[in-house]
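Shown next, in structure tokens, is the structure this report addresses.
The values are calculated or read from the model by the stated rules, or taken from the named source; none is laboratory data. Everything numeric here is computed off the predicted structure, so don't read it as measured data. Note: ideal-geometry Cβ built from the backbone for every residue, glycine included; neighbour counts use all protein chains shown. These area figures cover heavy atoms from the full protein model, side chains too; ligands, DNA and RNA do not enter into them. Shrake-Rupley method; radii C 1.70, N 1.55, O 1.52, S 1.80 Å.
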Amino acid sequence: MSETLNPYDIAKKQIETAADKLRLDSHIVEILKKPMRVLSVSFPVKMDDGTIRVFEGYRSQHNDAIGPTKGGIRFHPNVTLDEVKALSMLMSFKCGVVGLPYGGAKGGVICDPRNLSPGELERISRGFIEAIAQIIGPDKDIPAPDVYTNSQVMGWMMDTFSRLNKSFSPGVITGKPLILGGSKGRTEATARGCVITIREAMKELGRPLQDATVAIQGFGNVGRHTAKLLSGLGCKIVAVSDSKGAVLDPDGLDITKVERLKDQGSILDYGADYQIDPQALLELDVDILVPAAMENSITAENADRIKARIIAEGANGPITPDADQILAANQIWVIPDILANAGGVTVSYFEWVQNLMNYYWSEEEVNVKLSEVMVRSFHAVIQAANTYKTDLRTAAYMISLQRIVDAMKARGWV
């Protein structure tokens, strides 16, 4: 039987695994396996050539027992309803494992930003927020950037919501430009959180970070900042990849040079002698592997060839459930996505808090608070894994599920 790669099915399977360990009642599991609200919208946008195109989008809100929902908005040609529902569930558990007072949400518009002008991108951003405005707000649901959206897109969206509500509402969106109430430290927060979990995992395994070898799949925001931060801690980044290819230097890549080449065009300009197959990057014999690209990178097909000691999931869902079992059998530590890349939503929470107080923190203060959250959460997951004799992913889900269930019980929902 072939492995299921549907993100919604994978999310439900992970909930069932953790719920089984917690011995949760079946009706509670059924509630958690379905988002409480999904809005499907279509909206017209005037294109630069004067034609009108109708775009489709979704916003899924998984569970708001603990607080308002929170999660990104992605612009991508392959956005699907199942993907958005799955990612909203993932966000619930991501918020839960680091103890944020949020449920999970996710949104997406089916479009290809690479083929849109800045004006068209702005009109799509504003059109989508108008379409979902009735279900979002600082005390309802707080969107953020995701794949192919950025701080400028968030600025347009915040402005649209503020105009509709006739009041300045920075708390409706996070990941905004600093001038509009964005938080310092937000840009590299996901990578910083990931690096903190890697540092703690290496300590737990009694391994030094100095000269530890690292391969990073994906050189977008998360991959790039992870490479920079790990390099600063003395790690040797031996391989990185992006959508065009991969480069390898066993003696350690010059990350500053890789960044410059990425900005100028392609990391492959590092030199023909350094190029490798992007798939081969995942199978390198390294201490640390960071899959920071797209989901389903490590499957039952290639899991047996993975040689890294630690895998930190910089991306959402890069390892399938079947691959998870193979990696566990091979005693490879997997720091799950809901923990490893929770730094982004944690600093988004800090941004929202700062917006509500109208009082802003220094970058140092943000980074100190982020470190406290990530270290505490990592060790809580380790403790749960040891107590229940399970893997880190299941332990992380158990912590999150228990928080949501406790909130639903306290509210009298179950």
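General remarks:
- Computed from phi, the 3J(HN,Hα) profile of the range 240-246 under the Karplus parametrisation 6.51, -1.76, 1.60 (θ = phi - 60°) reads 9, 9, 9, 5, 9, x, 9 Hz, with x in place of Gly and Pro.
- Counting only protein heavy atoms and a probe of 1.4 Å, the accessible surface of the range 1-119 is 50% carbon and sulfur.
- Phi-derived couplings, Karplus 6.51 cos²θ - 1.76 cosθ + 1.60 at θ = phi - 60°, listed residue by residue for the range 44-52: x, 9, 7, 8, 4, 8, x, 6, 10 Hz, with x used for Gly and Pro.
- Applying both filters, DSSP loop and at most 16 other Cβ atoms within 10 Å, to the chymotrypsin sites (Phe, Trp or Tyr not before Pro) of the range 341-381 gives TYR359, TYR360.
- Note, ³J(HN,Hα) from phi for the range 387-397, Karplus 6.51, -1.76, 1.60, rounded to Hz, x at Gly and Pro: 5, 9, 6, 9, 7, 5, 5, 4, 4, 5, 5
- Pairwise centroid distance, computed over Cα atoms, of the range 291-315 with the range 375-392, Å: 21 Å
- The Cα atoms of the range 212-338 give a gyration tensor whose axes a ≥ b ≥ c have a/c of 1.5 or more with a/b greater than b/c, which makes the shape prolate.
- Separation between Cα centres of the range 252-286 and the range 135-191, rounded to whole Å: 33 Å
- Most mobile listed residue (SER162, SER92, SER400) in the chain, GNM with C-alpha springs under 10 Å: SER162
- In terms of the mean number of neighbouring beta-carbon atoms within 10 Å, the peptides 379-390, 283-294, 116-127 order highest first as 283-294, 116-127, 379-390.
- The GluC sites (Glu not before Pro) of the range 292-336 that meet both conditions, a loop assignment by DSSP and at most 16 other Cβ atoms within 10 Å of the site Cβ, are GLU301.
- Charge dipole (Cα centre; +1 on Lys/Arg Cβ, -1 on Asp/Glu Cβ; no other charges) of the range 145-264 amounts to roughly 400 debye.
- Amide H contacts of ASP141 (H built 1.01 Å from N, under 5 Å, at least 5 apart or other chain): THR69
- The range 267-414 - percent of accessible surface contributed by carbon and sulfur, probe 1.4 Å: 48 percent
- Based on DSSP H segments of at least four residues, each scored -39500 (n - 2.57), the chain has a per-residue ellipticity at 222 nm of -14500 deg cm²/dmol.
- Residues of the chain: accessible area per residue with a 1.4 Å probe, Å²: 41 Å²
- Taking trypsin sites (Lys or Arg not before Pro) across the range 129-178, the ones in a DSSP loop with at most 10 further Cβ atoms lying within 10 angstrom of their Cβ are LYS166.
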